[in-house]
Amino acid sequence: MSLDLVQMILATVLAAATPLIIAALGELVAERAGVLNLGVEGMMVCGAALGFAAAVETGSTLAGALAGIGAGMALAALFGVLTVGLAANQVASGLALTILGLGLSGLAGAGYVGLKREPAPHLAVPGLSDLPGVGRLLFGQDGFVYAALALAVAVSWFLWRTRAGLILRAIGDDAAATHSLGLPVRGVRFLAVLFGGGCAGLAGSYLSLAYTPFWTPAMTAGRGWIALALVVFASWRPARVVGGAVLFGGATVLQLHAQASGIGLPGQLLSALPYLATILALVLLSLGRRRGGSLAPAALGRDFTPHR
Amino acid sequence: MRLDLVPRGHRSPVVEALSPALAFLAAVLVGGVAVSLLGVSPAAAFSVYFIAPLSELWSLQEIAIKAAPLALIATGLAFCYRANLWNIGAEGQFVVGGLAGGMVAIATHGSTGATFWILPAMLAAGTLAGIAYAMIPALLRVKLGVSEILTSLMLVYVAELLLDYMARGPLRDPAGFNFPQSVTFDDAARLPSLMEGDTLHAGVLVTLAAVGLAVVVLGRSLFGFEMRVVGASPRAARFAGFGAERLTLAAFAISGGAAGLAGIVEVAGRIGQLQPTISPGYGFTAIIVAFLGRLSPVGILVAALVIALTTIGGEAAQIDLRLPLDLTRAFQGLLLGLVLGADVLTRFKVRLVPGAAR
Amino acid sequence: MKRTTLSACLGALLLLAGPARAEDKLKVGFVYVGPVADYGYSFQHDLSRKALEQALPGKVETTFLENVPEADSERAIEKLARSGMGLIFTTSFGFMEPTLKVARKFPKVKFEHATGYKRAPNVSTYSARFYEGRYVCGKIAAKLSKTGTVGYIASFPIPEVVSGINAFMLGAQSVNPNLKLKIVWVNTWFDPGKEAEAAKALLAQGADILSQHTDSAAPLQEAEKQGKLAFGQSSDQYRFAPKAQLTSIVDDWNGYVIHEAKAVMDGSWASHDTWGGIKDGMVVLAPFTNMPADVKAMAEETVKDIASGKVQPFAGPVAKQDGTVAVKAGETAPDPMILGMNWYVKGIDDKLPQ
């Protein structure tokens, strides 16, 4: 395999991992605060629809990305009111959000079917982007890719290096105790849910603005669900989200490459590889660590109502 | 201003019945506005959506058939969710159940002689396959501490691809020009119709039996009690000597078995052959049904019927009023959200309190 | 209430509300497996619905159900039959058994099932010889490929897709016997992201022209992004990739749908099987673009020859991968062989999933 082919594969893997990373990081923050939002797919697909619509109307990719974030946040706000404000069941509300998001995205995107835009521009640093072997990979991606990686660093820093992050994690572990310390449990949870929605929306807009720059119904094709699984896979740690997304994206891309070079195995088996690889990796990881004690935020999925 | 939720001392049956009705009303109002924006009379839409499907024998049967797998799967899932176990892979267990049961039908296709055992064998095979498939995430959780959320979800995709492979490959109809579907099952491998020449099949009875059984088990037995305790407080359960491992496996077996049974019922009832896909997402929708039904078997039955009604009403709205499917979906999502939100009224009194949000 | 009473009451209601409507307009229903906004297969079928309304204004009334899952389609089809439709198009292979089942219950309603093979007195089948278009594409690709490698994004190993791959390869071999075809099965009709990833993989492995048998425009766009060439699918997707699309195999159902509706109206409708190709206007090649004049002339010539019958994509000699003869010299493959194709022609370097 030539160096260029390796670079091209790695660049494809990174691009395939980007929407997963962005959406999973958002969900990670929400779950760290104790809120399980299964509506990622719905928020993502709305982000894709509204992101594309806004970008077409304004001609600006940035405006599209912002609209995608806004769409994700709007849906997340609805979810937040239900689950954080009214203590509705999180699992069911999240699934309802997915259905709502699929419907709304179809309605909002109806006028934009069949339009195309130029994909979001890729970085081009004279000299650096042309370096053999690594130039395109390191210095030739679009803005979303760098944003995803920066987001991973930022989320990691926020959760473990700031007081606010500490509070957020504490709330996710024991909402009642943090409440009795006078911390704004519901406020923090709501903001965390909003952040998750914004990220999901951004991830969706990446799909419709950069990855496959057009809008078409249900174009997220299940990526929101994969993002959800990645959060669990990563045992709620941002760096592992990146690792997991690259593993998953890598398995997907490599099986396609294996087919292109004529491997001759059933396509269904190869398509199942990313899922099997994820399970296997998780099993191996768990073999390596001590038994007992779940890594999940202890209060995950449990509603909280302050009362005297 | 902030919203405070004050727990109700005891649940009021009036409020419990009223809250979903209130949510329904709110959803219909919002839906009515949306529909009139599209230039359709809200009254006509309401009638097509909710009244017409309930006033024809045919659509009533369709609602029952559509609700049956949802209720069956959700009833099984209720065992898991009560024990705070997150089996979200019922879709995969459904598919595997349909596949395994369907393989029995295909293997015995065209057999002469005694055929009375085929259908029971299919149902058993489907149930067992669902149980076996659910055991993968259950055992991984119990033995290795691997999160069942991830494994059960990933296994959905694996199951779908497995069925896809089987239906297009080894199991396809030899006389079917290599098209991706199996033979159509013999009558001995089909669930009988309940009404001559009609849609309603015996699968509905399977669901009703399962729901009845679940009422007894969850409400009256020590097992049901243990399950609730484990879900509410794993430590207390350990203290009481309930084996968490055993309960985890049992809950997964029940939900997997129910999903697998639903899968083969769907294949032997409605579809009558194996195809690359056999589920329009029943396993996922059932999760909503389980929670809408407040994890109680009877509630689940009602919730499944409501979901089935909105699906069938949505199709009627597409045909009769040309309302886009996306509008139906958005409406479904909204309705579900509102019902879930209104549920809060059954548990809490909502008070507006002056002061900052906390 | 006992069930019998209930049934009786509802039965009475049905009688009152049911078939009392005047039969002045023909109601035509369509069932789509995807969203009409997919800009591919379902979209193209919906164009024919609109064309029907335009062709027979005031005489027909059309309606459709989109996104109907194949495993849950019986109810959707029956609902259409019960809504007074006189003619119902079920447009996906997976609707075959449900269509037949509903057709038995509604003998007066005419059904048209696309891409299946089972018929009944009131069920016709129709499909298009997409492979004819693929033969033309193969010739173009062989002419234009500089690397001698062409990528093919395939959905599912069903005969329609396999015969398309074979026709493409036979067309290519008629120009360049050494052309290499790299095939990737994505196991989906529609997932823009995955289709784009497959396109990237194929381009990275040396393909400079892409052909696809999936529904989204993503592979075309990927080719455009990388300055490569590609063929569209189902509809003319030029607008998505004006610098990359060579042509597109367009399904044109308009003529057929209008013809069948007229036949129902004048009472001449009878169950039949239609397998139309370029000659019948059912398979149309979008304008040839992004190619030199001589290649364009060759492509147009080939289209003409296929229409006139001078060129048959599966004219012998055709050898299977292992060298055994599938079609003898001087003969052409019979339709059943093409319809059920589950083998590759010689020269394809991939193992067909069985």
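Nothing in this text is a laboratory measurement; each read-out follows from the coordinates by a stated rule. All of these numbers come straight from a predicted model, not from anything done at the bench. Using ideal geometry, Cβ is built from the backbone for each residue, glycine included, and neighbour counts are taken over all protein chains shown.
Between rounded, prolate and oblate, where does the range B:5-68 land on the alpha carbon gyration tensor, with a ≥ b ≥ c its root eigenvalues, rounded for a/c under 1.5, else prolate if a/b exceeds b/c?
The shape class here is oblate.
How large is the convex hull of the Cα atoms of the range C:123-248 per residue, expressed in Å³ as a whole number?
97
When the Debye formula is applied to the Cα atoms of the range B:212-358, each taken as the same point scatterer, what base-10 log of I(q)/I(0) results at q = 0.17, 0.18 Å⁻¹?
-1.16, -1.22
For chain A, what is the calculated [θ] at 222 nm in deg cm²/dmol (nearest 500), taking -39500 (n - 2.57) for each run of four or more DSSP H residues and dividing by its residue count?
Helices in chain A give a 222 nm mean residue ellipticity of -22500 deg cm²/dmol.
If amide hydrogens are placed 1.01 Å from N in the peptide plane, which non-local residues have theirs closer than 5 Å to the one on C:Ser234?
C:Ile249, C:Asp251
What list of ³J(HN,Hα) values in whole Hz, one per residue of the range B:184-191 in order, does the Karplus curve 6.51 cos²θ - 1.76 cosθ + 1.60 (θ = phi - 60°) give from phi, with Gly and Pro shown as x?
7, 5, 5, 4, 5, 9, 10, 5
In debye, nearest 20: dipole of chain C around its Cα centre with unit charges on the Cβ of K, R (+) and D, E (-)?
500
With N set to the residue count of the range C:243-284, report its C-alpha Rg divided by 2.2 N^0.38 Å to two decimal places.
In units of the globular-protein estimate, the range C:243-284 measures up at 1.52.
Percent relative contact order of the range A:17-222, based on C-alpha pairs within less than 8 angstrom and at least six residues apart?
Value for the range A:17-222: 45 percent.
In sequence order, what are the phi-derived ³J(HN,Hα) couplings for the range C:257-265 according to the Karplus relation 6.51 cos²θ - 1.76 cosθ + 1.60 with θ = phi - 60°, rounded to whole Hz, with x for glycine and proline?
So the J values, rounded to whole Hz, are 4, 5, 4, 5, 4, 4, 4, 5, 5.
Stokes-Einstein diffusion coefficient for the protein assembly as shown at 37 °C in a medium of 0.692 mPa s, Rh from the Kirkwood formula over Cα pairs: what value in µm²/s?
111
Could you work out how far helix A:223-233 tilts from the main Cα principal axis of chain A, as a 0 to 90 degree angle to the nearest 10?
Rounded to the nearest ten degrees, it is 60.
Between the alpha-carbon centers of the range B:243-308 and the range B:100-132, tell me the distance in whole angstrom.
20
Taking only the C-alpha atoms, wrap a convex hull around the range B:129-170 and report its volume per residue in Å³ as a whole number.
Cα convex hull per residue, to the nearest whole number: 64 Å³.
How big is the range B:244-307 by Rg and Dmax over its Cα atoms, in Å?
13.5, 40
Compactness ratio of chain B: Cα Rg over 2.2 N^0.38 Å, N = residue count?
For chain B, the normalised Cα radius of gyration is 1.07.
Can you tell me how the range C:44-182 classifies by the Cα gyration tensor, rounded, prolate or oblate, using a/c under 1.5 as the rounded cut?
Verdict is prolate for the range C:44-182.
Please compute, for the alpha-carbon atoms of the range A:17-222, the extent along each of the three principal axes and give them in descending order in Å.
56, 40, 26
Rounded to the nearest 0.05, what FRET efficiency do B:Ala202 and A:Ser180 give with R0 = 41 Å and r taken as the Cβ-Cβ distance? Could you check?
0.15
List every residue whose amide H lies under 5 Å from the amide H of C:Arg129, counting only residues 5 or more places away in sequence or on a different chain, with H placed 1.01 Å from N in the peptide plane.
C:Gly276, C:Gly277
Rounded to a whole number, what is D in µm²/s for the range B:81-229 from Stokes-Einstein with the Kirkwood radius over alpha-carbon pairs (37 °C, 0.692 mPa s)?
For the chosen part, D equals 187 µm²/s.
For chain B, what is the mean residue ellipticity at 222 nm derived from helices alone (per DSSP H run of n ≥ 4: -39500 (n - 2.57); sum divided by total residues; nearest 500 deg cm²/dmol)?
The per-residue figure over chain B is -22500 deg cm²/dmol.
Specify the inter-centroid distance of the range B:151-216 and the range C:239-293, based on alpha-carbon positions, in whole Å.
Value for the Cα centre distance between the two parts: 36 Å.
What is the Cα radius of gyration of the range B:67-121 over 2.2 N^0.38 Å, N being its residue count?
For the range B:67-121, the normalised Cα radius of gyration is 1.52.
Expressed in nm², what is the orientationally averaged projection area of the convex hull enclosing the Cα positions of chain C?
The Cα convex hull of chain C, projected and averaged over all directions, gives 20.1 nm².
Starting from the amide H of B:Lys349, placed 1.01 Å from N in the peptide plane, find each other amide H under 5 Å away whose residue is 5 or more places distant or on another chain.
B:Val6, B:Arg8
So what are the ³J(HN,Hα) numbers for the range C:52-67, from phi and the Karplus equation (6.51, -1.76, 1.60; θ = phi - 60°), rounded to whole Hz, Gly and Pro as x?
With the stated coefficients, the range C:52-67 comes to 4, 4, 6, 6, 10, x, x, 9, 10, 9, 10, 8, 8, 10, 10, 6 Hz.
Which is the longest run of chain C containing none of the GluC sites (Glu not before Pro) found in DSSP loop states (not H, G, I, E, B) with at most 16 other C-beta atoms within 10 Å?
Here the longest run is C:24-330.
Evaluate the charge dipole of the protein assembly as shown about its Cα centre and quote only its size in Debye, nearest 20, assuming +1 on the Cβ of each Lys and Arg and -1 on the Cβ of each Asp and Glu.
Charge dipole of the protein assembly as shown: 2760 debye, to the nearest 20.
Principal axes first, then extents: for the Cα atoms of the range B:180-224, list largest minus smallest coordinate on each axis, whole Å, largest first.
So the extents along the principal axes, rounded to whole Å, are 45, 28, 17.
Would you compute, from DSSP H runs of 4+ residues alone, the mean residue ellipticity of chain C at 222 nm, taking -39500 (n - 2.57) per run and dividing by the full residue count, rounded to the nearest 500?
It comes out at -12000 deg cm²/dmol, rounded to the nearest 500.
With a ≥ b ≥ c the root eigenvalues of the C-alpha gyration tensor of the range B:1-138, is it rounded (a/c under 1.5), prolate (a/b larger than b/c) or oblate?
oblate
Calculate how steeply helix A:61-80 sits against the longest principal axis of the alpha-carbon atoms of chain A, using the helix alpha-carbon long axis, and give the answer as 0 to 90 degrees to the nearest 10.
The helix A:61-80 is inclined about 30 degrees to chain A.
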